[in-house]
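For reference, the structure discussed in these notes is given below.
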Amino acid sequence: MSDFLLDPDVVFLNHGSFGACPRLVFDQYQRWQRELERQPVRFLQRELPQLLADARRQLAEYLGAHSTEVVLVPNPTFAANTIARCLPLGAGDEVLISDQEYGACRFAFQYAAQKKGFRVVEQSIPLPVESDEAIVEAFWQGVTKDTRLIFISHITSTTALTLPVAKICQRARDAGILTMIDGAHAPGQIDVNLKEIGADFYTATCHKWMCAPKGSGFFFVREDRQHLVEPLVVGWGWGPEKTFHRENEFISNHEWLGTHDPAAYLAVPAAIAWHKEHFTSEARERSREFARLAVNLASQIDGIERVHPDAFFQQMGLIDITAKKVDDHVQFKSRLYDAYKIEVPVIRWRDRTLIRVSTHAYTTEDHIHTFAQALKETFGG
Ligand SMILES: Cc1ncc(COP(=O)(O)O)c(C=O)c1O
């Protein structure tokens, strides 16, 4: 826990919402902020382009991509808006999403659909899932001759489900459909190789599972698709003067959004280094064991069910407490915090009430037992 800045009095089981930043990475972030303030003009105008290029290169390498295919952006909401608004979609076209997409990104597509006349089609992926093939088949039921783009999560937010995105992208490519993957929860939680996934567009946070500072994310666009992507924010990267022109049009158009604090972006290499050194594959596996333990202990209580087989979740375990008939899930979540100091999301999804338990380097076995005990005391059993 002391590697992180988290309040030691809180049983923090919600890494999934906003992540948490290790002290080492946060120190580096603040160092960049101080460096900027020492000489803002030198830093922002003369040094920043090279510093960003270095950060981008290290990030691209970590993701198995080329550095000219990746730009640093504040978050996936930004990238989803970019694609929803710029693709040439109109009446008669369809964007296919699953029924487990993150609300803000779904809104981005629904908003653009209202403006431009295309349809957003939501396809259910029934739970519990059985196999990657069954997931692809279920999702593919939503594809029609009018499907132009598939937008789907790599790991879903509300249901913490890892989806077979490489298989979906392959099938989409064969069918001539573009793909955008929302990987908000993927890098850091699982190994991500963008070349192998084969999506046209991929976005993720660095601030969640990569443990970088808040407001760092990336947007990947395959080289041969970059001509399709217009900037969401038009600024110096586009204009004739191109003051902040970098290696290529894609980067200059999408990365410089006007003056902002780039320290979170510049701390991404420190987050990657922290993972390599301090969150090894053994540590990650231990963290996954804790997520499985949380699911197993909780599901021993009468009326509480696990949702996914082990192979379909990583550091976020999901349990279904619908049978417990919790009337007000927000109040129930507050009660867990007030009575037990447990920070964990209680989610209403469709007609179900779910609890998503995130684990990370700072999670201890005691945290998991405290959580299980709180459920026992609340529900009996
Ligand atoms: C699946 C998914 N997509 C997108 C986002 C949006 O992230 P941000 O708010 O950083 O844009 C989240 C955030 O929790 C998410 O879980």
Candidate cut points under GluC sites (Glu not before Pro) in segment 100-176, DSSP loop plus at most 13 other Cβ atoms within 10 Å of their own Cβ, are 130
Probe 1.4 Å, all chains present, heavy atoms only: residue 21 accessible area in Å², nearest 10, is 10
With the 1.4 Å probe rolled over protein heavy atoms, segment 236-381 has an accessible area per residue in Å² of 46
Note: probe point = Cα of residue 43 + 7 Å toward Cβ; backbone nitrogen < 15 Å; residues of segment 254-289 passing the test are 259-268
Simple SL model, points at 7 angstrom along Cα→Cβ for residue 110 and residue 166; separation in nm is 3.4
With 0.36 nm assigned to each residue of separation and the Cα-Cα distance removed, residue 379 to residue 351 gains 8.1 nm
Nearest-0.05 FRET efficiency for residue 3 and residue 137 at R0 = 45 Å, using Cβ-Cβ distance, is 0.55
Magnitude of the Cβ-charge dipole (Lys and Arg +1, Asp and Glu -1) of segment 14-133 about the Cα centre, nearest 20 debye, reported as 860
As straight-line cross-link partners of residue 325, the qualifying aspartates and glutamates (C-alpha separation under 12 Å, not fewer than 8 residues apart within one chain) are 351
Going residue by residue through segment 151-161, the Karplus relation 6.51 cos²θ - 1.76 cosθ + 1.60 with θ = phi - 60° gives ³J(HN,Hα) values, rounded to whole Hz and with x marking Gly or Pro, of 10, 8, 7, 7, 10, 6, 7, 5, 10, 6, 10
CD proxy, 222 nm, the chain: helix-only mean residue ellipticity via -39,500 (n - 2.57) per DSSP H run with n ≥ 4, per residue, nearest 500, stands at -12000 deg cm²/dmol
Stretched fully, the stretch from residue 332 through residue 278 gains (0.36 nm per residue minus C-alpha distance, one decimal, in nm) 16.0 nm
Ranked by GNM mean-square fluctuation in the chain (Cα springs under 10 Å), the top entry among 224, 200, 302 is 224
Computed ³J(HN,Hα) along segment 16-22: with the Karplus parameters 6.51/-1.76/1.60, θ = phi - 60°, integer Hz and x for glycine or proline, the list is x, 6, 9, x, 7, 10, x
Share of accessible surface on carbon and sulfur in the chain, whole %, 1.4 Å probe and ligands ignored, is 49
Set 276/341; 333/376; 341/376; 116/208; 116/145; 208/376, cut-off 22 Å on Cα-Cα distance; pairs above it are 276/341; 116/208; 208/376
Counting all Cα-Cα pairs in segment 280-379, those more than 23 Å apart amount in percent to 19
In whole angstrom, the spacing between the Cα centers of segment 302-373 and segment 143-213 equals 25
Computed on Cα atoms, Rg of segment 26-275 relative to 2.2 N^0.38 Å comes out at 1.02
In segment 26-275 the DSSP beta bridges are antiparallel at a rate, in percent to nearest 5, of 35
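The values are calculated or read from the model by the stated rules, or taken from the named source; none is laboratory data. Everything numeric here is computed off the predicted structure, so don't read it as measured data. Every residue, glycine among them, receives a Cβ derived from its backbone with ideal geometry; neighbour counts consider all protein chains shown. Ligands, DNA and RNA are stripped out before the accessible areas are found, and what is left, the full protein with its side chains, is counted by its heavy atoms. Shrake-Rupley method; radii C 1.70, N 1.55, O 1.52, S 1.80 Å.
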